[in-house]
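Read through the structure below, which is laid out as structure tokens, and then see the notes.
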Amino acid sequence: MVVFRHPDGRTARGDRYAWYITRGAEALDVTARLDKRTVLDSLTDVDVRRLFRRSMPIWTARETTAPAPGGGTVVEG
């Protein structure tokens with residue numbers, strides 16, 4: 001996962017994330033971890049722009065639901 005931190009830094013509301021998919025041997029091992037420096041060195045400016053365009057917000061202001069007494073659902077927000 002690649003995380004784009006908002007330059008403001010005061011809140012995570014502007015942060016975004018994108019999935020970086022590798023084709024290396026470690027892609028077949030669900031417990032494998034990629035070396036951060038190797039990933040950074042392999043990404044071109046075009047790759048970073050594409051990842052950012054496809055990124056998603058880390059924080060959203062969507063309403064949440066909580067179970068209500070008696071088994072119903074209450075919408076909070």
- Of all residues in segment 2-41, how many are over 18 Å from the mean Cα position of the chain (by Cα) and surrounded by 12 or more Cβ atoms within 10 Å (Cβ to Cβ)? 1
- Query: Taking segment 42-53 on its own, how many of its residues are surrounded by 10 or more Cβ atoms within 10 Å (Cβ to Cβ) and of a type in the set (S, T, N, Q)?
  - Reply: 1
- Item | Qualifying residues in segment 54-66 (those that are part of a loop (DSSP other than H, G, I, E, B) and among the hydroxyl-bearing types (Ser, Thr, Tyr)) - the one surrounded by the fewest Cβ atoms within 10 Å (Cβ to Cβ) | Thr60
- Query: Residues in segment 35-61 that are at pLDDT below 85 and in contact with an Asp or Glu (Cβ under 9 Å, 6 or more places away or on another chain): how many?
  - Reply: 1
- Task: Tell me which residues, restricted to segment 31-57, are closer than 12 Å to Met1 by Cα and among the β-branched types (Val, Ile, Thr).
- Result: Val39
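The values are calculated or read from the model by the stated rules, or taken from the named source; none is laboratory data. Since the model is a prediction, treat every value here as computed from it, not as a measurement. Neighbour counts run over all protein chains shown; Cβ positions are idealised from the backbone, glycine included.
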